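These notes concern the structure reproduced below.
The values are calculated or read from the model by the stated rules, or taken from the named source; none is laboratory data. Keep in mind it's a predicted model, so treat the numbers as computed, not measured. Heads up, the Cβs are rebuilt from the backbone with ideal geometry, glycines too, and the neighbour counts pull from every protein chain shown.
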2 protein chains.
Amino acid sequence: MKRRYFSLTSFEDAIRIMKETFPAPGVTERIPLEQAVGRVIAEPVYAPYSVPEVNLSVMDGIAVRSADTQGAMDRNPVTLEHFQRVNTGQVIPQGYDAVIMIEDVWLGDGTCRVRKSAFPGQFIRPAGEDIRKGELVLPRSHIVRPFDIGALATYGITNLLVSSVSIGLIPIGDELVPPGARPKPGGAVESNTLFARHYFSGMGATCYRYPITWDDPESITTALSLAIEEHELVLLFGGSSAGTRDYADQVISSCGTLLFHGVGMKPGTPVMLGSVEGKPVFGVPGFPIAAACVIKEFVARLLEWWGLAPYPIFTIKAELAQRIASDLGYEEFVQISAARVGNRVSVMPHSRGNGVQMSLVRSDGLIQIPASYEGYEAGEEVFVQLTIPPAHLDRNLLVCGARDECIHILGDLLTPRGFSLHCCNTLDSRALVTLREGRCHAASVALPRTGSWMASDLFDTADGTTFMRVTVAEAELGLASRNGVVLDDLTGIRFINRARGLPARTLTDKLLQSSGITPQEVHGYETQAKSEEGVITAIQNDSADAGVCRKKTAEIASLSWTHLGYVSYNLVIPLSCLGDPATISILAILKSGLYRDAVDCIGGYSTAGSGQVSPVFPMVM
Amino acid sequence: MKRRYFSLTSFEDAIRIMKETFPAPGVTERIPLEQAVGRVIAEPVYAPYSVPEVNLSVMDGIAVRSADTQGAMDRNPVTLEHFQRVNTGQVIPQGYDAVIMIEDVWLGDGTCRVRKSAFPGQFIRPAGEDIRKGELVLPRSHIVRPFDIGALATYGITNLLVSSVSIGLIPIGDELVPPGARPKPGGAVESNTLFARHYFSGMGATCYRYPITWDDPESITTALSLAIEEHELVLLFGGSSAGTRDYADQVISSCGTLLFHGVGMKPGTPVMLGSVEGKPVFGVPGFPIAAACVIKEFVARLLEWWGLAPYPIFTIKAELAQRIASDLGYEEFVQISAARVGNRVSVMPHSRGNGVQMSLVRSDGLIQIPASYEGYEAGEEVFVQLTIPPAHLDRNLLVCGARDECIHILGDLLTPRGFSLHCCNTLDSRALVTLREGRCHAASVALPRTGSWMASDLFDTADGTTFMRVTVAEAELGLASRNGVVLDDLTGIRFINRARGLPARTLTDKLLQSSGITPQEVHGYETQAKSEEGVITAIQNDSADAGVCRKKTAEIASLSWTHLGYVSYNLVIPLSCLGDPATISILAILKSGLYRDAVDCIGGYSTAGSGQVSPVFPMVM
């Protein structure tokens, strides 16, 4: 009933098999010059005429025969019989070989006296100076840039023969709807072919998106047979993993040869490659994160190897802000955010969940962890493939810790001031270590509301502190239940908890302690919902009777809710950054009406203390 | 009659004036998602629904109520009444809060036994895991990338409000013809607006190219008045220098205010900026090299400052291969070629002639020399703004010296083998110094044909040699004249010479010496034509009687030609590179029929010795 990959092909072997099996098809097309930016030239381009075609004057002055001017000096001016007035850019008339600047000429009644001799070619832009007829303008393999277009137009070239690859994109899945349609619960918008077309177009390929195909072998076979006739390369999106309804491998095997299925890479493990009528057919996993990885690491590599232009990605060296673990045997590709922190570029990994397409949106680039590595330590140097302009590293603010909606609102309001806030979700404790090591700009930390913060609240070792905290907002938390559970009821009902380090858990622990209730007395204390929605679902499904969430979350689910207390969201920032433009902007925004209005719209927050700066005290006062 | 700029505005001041006078107009437009790659988002984008909207299974298995499974173990299986079969990606039915993998389940006749307990949320992808309804997807100022398009489609977003600037492009000049038309002698193809449109489109601006406007104040005024109504920014191309027919400054002054005219920058000194109806109007020099510089350094900076996406340019550190001089007071922008030579990236400057648009085509990027610098020394570290993919630095071969047509043919034939040859024109002597310092891959050197080369032929200090020479081709040179001049006639006629270091000059000197003629005896020995075409023109215009050129050049001009001797074009390469893939490819191509046929087509070359490798002898044998 359930199939597994027999064995994984290593990433390196898979790339080698791909290149060995599929040499460049060598397809070209002739296109108008205006459409050629980003395309790769397939035949050398020669100049059809010289530029300039004739000798031109580069000065306003007179054209002369240089021989006539020999011996002319200030105290011995020479009167010329043969001369002709020329302006800058004008053609040198036949019979003349030099230009004298108008300042050095006395023009009289049809005569002309000069006080300086001229050498042959003086102030003349010679024919062919830029390019000579028949000279090579561009060799093969050149990627056309905007100023190449300008020059080619100047040289009279109006079309170009360029390398070309036509790609058929076939999305598979009963659950899919086209972009713009609203998916049913459990369904999804088909976005992979949209992404793929934009990515491959950027490399100069032509893509055709086929309609969504049903999840059955006959439909897939029909679509593949059609596409393989019309394109040099076909991609099947979805149907590639080892689930009960995944038929891509069967179809490829029946139409041609399956070369590999399952590669030691993450994401994208279920990728497959087959050869149908001698053409490559990729089976691309349906999850967008995995599809993006296969598109970039397999298909784009093949296209580049076939002679198309690489997608513009800039690689830089950077330092890891936090440890990253990676499975041996898997080439891993991790989305990251990056920023210049002090005098180094620091990078933070994003969620590696296959279902979190937002990690692509939030990322500034990615790092590649070789299959032979178990990961990287914090501070290790890594290569980052940037997907943002490198100059933007200077505007990025790297924040680690709790990623709350208020942080997003702050981030959006920071952009008109020239900053781009990137918040990477980690536990508070890990965020604070990263901050103390100088690897991020700020830590986003949530603690129950309290009069003042001690270093010991934040750091293991409270050896003095050089940090301040800036209040972002306070969230009101309470107990959601079907029937109005309050704190003291917790010993008698089934509770659903949250993970250690999250604000709801911290608040729960603090309140239980002050009420004299031990965790052992709370049934379900050890169960953990992954999100507020998880708490709600457990209560709705009668797996639990109560859990902690914000008021609004309970209201939407029509559950009852009783107040427990406030959790304060804060940015912890080095004291030394107090006067920095970024800090000044953050404080101004947090105190602004614009920010407070936006946060009030979400509901469940108090912004009374937002923008307040408090010291982090080195010891208990 | 001739106007001069009163005084130059410094580059820094000009940029400051531009930014102070013209704040962002803040224009936006709503466009379909599919057209948004490369555009800048103008309002925050929020998720219209959660993804996923409901809880989904991440495994093939059964949905259960976790509470029912408590205590289940291998030796104590639990039989479940309530369960439902689910596959990967399917919706978790109402009432269930966990999934148990099918492997851990015994399914019987409508019953089900499990051997492991499940925790709430087990193997469930919770609703909102990727994004929650109302959560921020993208903040303002984000530049849309292909995978952002994919994610936005997934989240049900079909259009975006993006920053927008409309630009009017007005080419001015009686001598101009549109792309595709053949210019008259002295005319030129109007290519600046074509380049500008492609460059600005890459930043997300919309451009409108107006027809070519005559060089008179009325026509320019009419065009400008029309354009300023329809666009946020107008560019006048041409008419900006201080020639007799340059009216752009007059027109701008009469329609509005001229802010500056003439900036301390090269190229692009004649740039002007005015304000007409509060909108910026640039006067852009007509020479494409200068226009490209103004477009990039002024207009693109303004657009980026207005919030558009930067044009993708990658900046790297590199070492200068040769000294570059620069005028104090001028911010200078120099086109360069770049390649990895050994373990550093080495850059060579291209021609800085205003009329050589090919320097843009040949370049890999540019360096900026601040106005306060007199230049850079060889070996100095400089920042290079690359216009090629950074990875291509590894395929580039940097050659210094004589740039002959045969070198171009070699370069074109190298591209299918993965190399890109860049030849920067310098004197042989300078090229050899650069090679000896390890700052280029090879020197292209032309010497009269000879049996063997001594180090002393190449280097000042012949302290042993570690170089070899590879013959590229031999060119036959002779004396062009109207009436069959031969070498012995040179003492009695007017000769036109070439510059020291060029093959024609070296051959002339060698032959004069062996004939016992001194330079003083040759009338015109000190005159120098800049090109072979210059030699021909001087003879045709009767400024000289004879000069040295190739047979074909004389034939085309219908001049008579008498053989003088052969000049051998060679690549000088370190001996240590003999086994390198690049050297092997070069040798294979030079010996190939493809190469020889192509060179024979040019005419005037012998390829009999092409591809021959000879040692450079350390001393006279």
#### Entry: Number of positions in the range B:520-539 that are in contact with a Ser or Thr (Cβ under 9 Å, 6 or more places away or on another chain) and either buried (at least 24 other Cβ atoms within 10 Å of the Cβ) or outside any loop (DSSP other than H, G, I, E, B) (or both)
10
### Task
Being outside any loop (DSSP other than H, G, I, E, B) and of a type in the set (Ser, Thr, Tyr) is the filter; apply it to the range B:35-75 and report the residue that is modelled with the lowest pLDDT.
B:SER66
#### Entry: Near pairs, Cβ below 7 angstrom, 6+ apart or cross-chain, from the range A:406-429 (on the phi > 0 side of the Ramachandran plot) to any residue that is in a loop (DSSP other than H, G, I, E, B) and surrounded by fewer than 23 Cβ atoms within 10 Å (Cβ to Cβ)
A:GLY418/A:ARG395
### Query
Mind checking which pairs have a first residue in the range A:356-376 that is away from chain B (no Cβ under 14 Å) and a second that is charged (D, E, K, R) and assigned to a strand (DSSP E or B), Cβ under 7 Å, 6 or more apart or different chains?
A:GLN368/A:GLU331; A:ILE369/A:GLU332; A:PRO370/A:GLU331; A:ALA371/A:GLU331
### Query
Out of curiosity, is A:ASP600 assigned by TED's automatic domain parsing to the domain that holds A:ASN483 and surrounded by fewer than 17 Cβ atoms within 10 Å (Cβ to Cβ)?
yes
### Task
Could you please find all residues in the range A:540-557 being surrounded by fewer than 22 Cβ atoms within 10 Å (Cβ to Cβ), among the hydrophobic types (A, V, I, L, M, F, W, C) and without any contact (Cβ under 8 Å) to a residue 60 or more places away in the chain?
A:ILE556
### Task
Please state which of the following conditions A:ALA72 fails to meet, knowing it meets all the rest: (1) touching a strand residue (DSSP E or B) at 6+ places or on another chain (Cβ under 6 Å); (2) within 10 Å of chain B (Cβ to nearest Cβ); (3) more than 30 Å from A:HIS142 (Cα to Cα); (4) among the small types (Gly, Ala, Ser).
(2)
### Message
Between A:GLY353, A:GLY411, which is over 16 Å from the mean Cα position of the chain (by Cα) and in a loop (DSSP other than H, G, I, E, B)?
### Response
A:GLY353
### Query
When you scan the range A:584-606, how many residues do you find that are among the hydroxyl-bearing types (Ser, Thr, Tyr) and modelled with pLDDT of 95 or more?
3
### Query
Which helices (runs of 4 or more DSSP H) sit wholly inside the range B:229-332 and have at least 2 residues that are among the small types (Gly, Ala, Ser)?
B:248-255, B:288-294
### Query
In the list B:ARG182, B:ARG140, B:ARG197, which residue meets the criterion of being touching a residue at least 12 places away in the same chain (Cβ under 8 Å), within 12 Å of chain A (Cβ to nearest Cβ) and in a loop (DSSP other than H, G, I, E, B)?
B:ARG140
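Table: residues versus (1) among the β-branched types (Val, Ile, Thr); (2) within 20 Å of the chain's Cα centre (by Cα); (3) farther than 22 Å from A:VAL356 by Cβ; (4) crowded, with 19+ Cβ neighbours inside 10 Å.
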position	(1), (2), (3), (4)
A:GLY283	no, no, yes, yes
A:ALA292	no, yes, no, yes
A:GLU297	no, yes, no, yes
A:TRP306	no, no, yes, yes
A:ILE313	yes, yes, no, no
A:LYS317	no, yes, yes, no
A:ASP327	no, no, no, no
### Query
Going through the range A:200-213 one residue at a time, which ones are more than 8 Å from chain B (Cβ to nearest Cβ) and either under 17 Å from A:LEU302 (Cβ atoms) or not aromatic (Phe, Trp, Tyr) (or both)?
A:PHE200, A:SER201, A:MET203, A:GLY204, A:ALA205, A:THR206, A:CYS207, A:ARG209, A:PRO211, A:ILE212, A:THR213
### Task
Filter the range A:196-210 down to the residues that are more than 18 Å from B:GLY202 (Cβ to Cβ) and aliphatic (A, V, I, L, M), then identify the one that is nearest to the chain's Cα centre (by Cα).
A:ALA196
### Query
Of these, A:THR508, A:THR518, A:THR471, A:THR450, which one is modelled with pLDDT of 90 or more, more than 30 Å from A:ARG323 (Cα to Cα) and not assigned by TED's automatic domain parsing to the domain that holds A:SER346?
A:THR518
### Query
Within the range B:560-578, can one find any residue that is part of a loop (DSSP other than H, G, I, E, B), touching a helix residue (DSSP H, G or I) at 6+ places or on another chain (Cβ under 8 Å) and farther than 20 Å from B:SER429 by Cα?
no
### Residue ID - surrounded by the most Cβ atoms within 10 Å (Cβ to Cβ), chosen from residues in the range B:490-517 that are of a type in the set (Val, Ile, Thr) and closer than 16 Å to B:ALA475 by Cα
B:THR508
### Message
Anything in the range A:311-349 that is under 21 Å from B:ALA47 (Cβ atoms) and within 12 Å of chain B (Cβ to nearest Cβ)? List them, or say none.
### Response
A:GLN335
### Query
If B:ARG113 satisfies every condition in (1) in the same structural domain as B:TYR46 (by TED's automatic domain parsing); (2) within 25 Å of A:ALA538 (Cβ to Cβ) but one, which is the exception?
(1)
### Task
Hey, could you check the range B:144-156 for residues that are more than 7 Å from every other protein chain (Cβ to nearest Cβ) and not in a helix (DSSP H, G or I) and say which is farthest from A:GLU190 (Cα to Cα)?
B:VAL144
### Message
Between B:SER585, B:SER614, which is on the phi < 0 side of the Ramachandran plot, hydroxyl-bearing (Ser, Thr, Tyr) and either surrounded by fewer than 18 Cβ atoms within 10 Å (Cβ to Cβ) or part of a strand (DSSP E or B) (or both)?
### Response
B:SER614
## Note on the structure
When every residue in the range A:225-247 that is under 17 Å from A:PHE195 (Cβ atoms) and among the small types (Gly, Ala, Ser) is compared, the one modelled with the highest pLDDT is A:GLY238
### From the options A:ARG340, A:ARG352, residue that is closer than 24 Å to A:CYS440 by Cβ, outside the structural domain of A:ILE252 (by TED's automatic domain parsing), modelled with pLDDT under 95 and of a type in the set (D, E, K, R)
A:ARG352
### Query
Does the range A:200-228 hold any residues that are surrounded by fewer than 23 Cβ atoms within 10 Å (Cβ to Cβ), of a type in the set (Gly, Ala, Ser) and in a helix (DSSP H, G or I), and which are they?
A:SER201, A:SER219, A:ALA223, A:SER225
### Message
Can you pull out every residue in the range B:388-416 that is under 21 Å from A:ARG132 (Cβ atoms), acidic (Asp, Glu) and away from chain A (no Cβ under 11 Å)?
### Response
none
### Query
Residues in the range B:157-179 that are facing chain A (nearest Cβ under 8 Å), of a type in the set (Ser, Thr, Tyr) and within 27 Å of the chain's Cα centre (by Cα): how many?
0
### Query
Any idea which residue in the range A:157-175 is nearest to A:ASP216 (Cα to Cα), counting only those that are touching a Phe, Trp or Tyr at 6+ places or on another chain (Cβ under 9 Å) and not in a loop (DSSP other than H, G, I, E, B)?
A:ILE172
